[in-house]
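Peer 1: What follows is a single structure, and I will ask about it in a moment.
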Amino acid sequence: MEIEKLEPQQLWHNFKLLNAVPRASKKEDRVIAFMLAFGHGLGLETVKDPVGNVVIKKPATAGMENRKTVVLQSHLDMVHQKNSDTVFDFENQGIAMYAEGDWVKARGTTLGADNGIGVAAIMSLLAADDIVHPALEAMFTIDEETGMTGAKRLDPSNFSGSILLNLDTEEDDELTIGCAGGRDTNTTYQYTQQAPEIGSIAYEITIKGLLGGHSGMDIHKGRGNANKLLNRFLYGALKSIPVQLNSIDGGSLRNAIPREATAIVALPGSQKDDFLSFCNSFNTVLREEYHGLEAGLKMTVNETTLPGKVMAMPDLIKIVNAIYALPNGVFRMSPDLDNLVEASTNLARVIVKDGQFITQSLQRSSVESTKEDVLNAVTATFEDMGCTVKQASDYPGWKPDRDSEILKLMIKLYEANFDQAPKVDACHAGLECGILGAHFPGMDMISFGPTIRGAHSPDEKVQISSVKKFWRYLLAILKEIPAADK
């Protein structure tokens, strides 16, 4: 079925229009222009703030003028990621979408449902002339995926609303009332290079086919981290073979669990058979450990051209030991909310090239003290081997408010519309609500959305029936927004 024939048609039409516009984080000029043109085309008050966020305001429909003003918020940027064998130019191509069963997917790339479905829903509300709603203030932020600078540098003077609906939760039966804060840790280290040993041969080792996923929402699922697995291979090989390292290229995005990692290594030609035997046994171990979770996990070993430079052995031992010791994954579960990760860390990127060792990782926690604890654990590991460690993009968490007025209303409406209670929880991801709450003290906030799977990976998909459910729920909420305080 064609995307535009899905229900609700206007929402899917707007999603298709949005996905025709390249919108990588920090490269949002075209989507900002697209959204400004959209608002002006409707004749609505439309502005761009100094950082690039777009604000579009729509008056209340007849009879709703006395209701509280609602801020509808979604982010314009999306994660641009593709499979290694997919030929795609994110700078100039729109996302190639298709419907399959009850899901909309993309061909070999991320779909952009995170947070494009939320953006498309707000666009549909702004364009509609047959939907009952209070005064609306649409907040389209930029750069959510790589630092939340749009939310951080937002101009709050553009808004007067007292309720904020963030449309960025990825399970349609959940109401999110809290989230994790986070901070990036970036490291560098200069290593010594030398010529490979005489008589050496070289191999390219690749770990690939992992599920990857969102480093917050999926971190508790036990998925393999390609950077950690590749380092485990190197550590094991070095126990019996004097492997020399030329390069590593592992992972891609700071907030994605790495799906692929590649190393080029050299070794004495006389130990070729021993090396290949170790590769086979290591591959078997990985498959056994992950057989029920990572069906696509694959390790490839291909002979390649001998490089001119390799890392000096003392530096290699330092790096391999540091990465092996580095905490990764769940750091602490919440003692207050069932099944909620409180603190975590994800080694997202590892680069070894031309004398420089670089890592990027992201630490998250809903509690500031445990965020500092996991940051310290990562920092100490890298500082101990001599790395320069820098931290950036710090953002706060969002403290749950179970007495929220909008929460009580939305629970009531969910039960009335779907004959069951919603899940009310916090999430282990960085929602903009934590930052926005600092701009708008006292703002009543909640996050919800349709069901999305595989966000931040080429496996991303959004459920068609869930989008229909989400839209119905959103309209019901807007119709019942309470009256403004007199």
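What follows draws every value from the coordinates through simple rules; no lab data is involved. Owing to the predicted nature of the structure, the values given are computational and were not obtained by experimental measurement. Neighbour counts are summed over all protein chains in view; Cβ atoms, including those assigned to glycine, are modelled from backbone coordinates with ideal geometry.
Peer 1: Of all chymotrypsin sites (Phe, Trp or Tyr not before Pro) in segment 153-199, which ones are in loop regions per DSSP and have a Cβ with at most 15 other Cβ atoms within 10 Å? Mind showing how you got there, number by number?
Peer 2: Numbers: sites: Phe159, Tyr189, Tyr191; in loops: Phe159, Tyr191.
Sparse-neighbourhood loop chymotrypsin sites (Phe, Trp or Tyr not before Pro): none present.
Peer 1: Using DSSP, restrict attention to beta bridges with both residues in the chain and report what percent are antiparallel, rounded to the nearest 5.
Peer 2: Numbers: 79 of 99 bridges.
Of those bridges, close to 80 percent are antiparallel.
Peer 1: Also, I was wondering about something else. Find the centroid of the Cα atoms in segment 405-419 and in segment 321-354, then give the distance between the two in whole Å.
Peer 2: Taking the Cα centre of each part, segment 405-419 and segment 321-354 sit 35 Å apart.
Peer 1: Using Cα pairs closer than 8 Å and at least 6 residues apart in sequence, work out the relative contact order for segment 230-297, in percent. Can you show the working numbers first?
Peer 2: Numbers: 51 pairs, mean separation 19.2, N = 68.
Taking the mean separation of contacting Cα pairs over the length of segment 230-297, I get 28 percent.
Peer 1: Now a separate question. Using r as the Cβ-Cβ distance of Gln420 and Val285, and R0 as 51 Å, what FRET efficiency do you calculate, to the nearest 0.05? Provide the component values of the computation, followed by the final result.
Peer 2: Numbers: r = 43 Å, r/R0 = 0.85.
My answer for the efficiency is 0.70.
Peer 1: How high is the FRET efficiency between Glu91 and Leu42 when r is their beta carbon distance and R₀ equals 22 Å, given to the nearest 0.05? Spell out each step's value before the answer.
Peer 2: Details: r = 28 Å, r/R0 = 1.29.
So, using R0 = 22 Å, E works out to roughly 0.20.
Peer 1: Here is a follow-up. For segment 191-271, compute the orientation-averaged projected area of the C-alpha convex hull (one quarter of its surface), in nm². Before the final figure, lay out the partial values.
Peer 2: Details: hull surface 25.0 nm².
Seen from a random direction, the Cα hull of segment 191-271 projects 6.2 nm² on average.
Peer 1: What is the extension gain from Ser157 to Asp273, computed as 0.36 nm multiplied by their sequence separation minus the C-alpha to C-alpha distance, in nm to one decimal? Before the final figure, lay out the partial values.
Peer 2: Values: separation 116, 0.36 × 116 = 41.76 nm, distance 6.85 nm.
In short, 34.9 nm is gained.
Peer 1: Please state the relative contact order of the chain as a whole percent: Cα pairs under 8 Å, 6+ residues apart?
Peer 2: Taking the mean separation of contacting Cα pairs over the length of the chain, I get 24 percent.
Peer 1: Quick check on the chain: helices-only [θ] at 222 nm, where DSSP H runs of length 4 and up contribute -39,500 (n - 2.57) each and the sum goes over total residues. Nearest 500, please. If you can, show how the numbers build up before the last one.
Peer 2: Values: 11 runs with 141 residues, N = 486.
Calculated mean residue ellipticity at 222 nm is -9000 deg cm²/dmol.
Peer 1: Could I ask something else about it? Roughly speaking, what is the centre-to-centre gap between segment 1-46 and segment 107-170 when only Cα atoms are used, to the nearest Å?
Peer 2: A separation of 12 Å, based on Cα centres.
Peer 1: Please compute P(r) over all alpha-carbon pairs of segment 429-486, binned at 10 Å starting from zero, and give each bin as a whole-number percent.
Peer 2: 17, 33, 36, 12, 2
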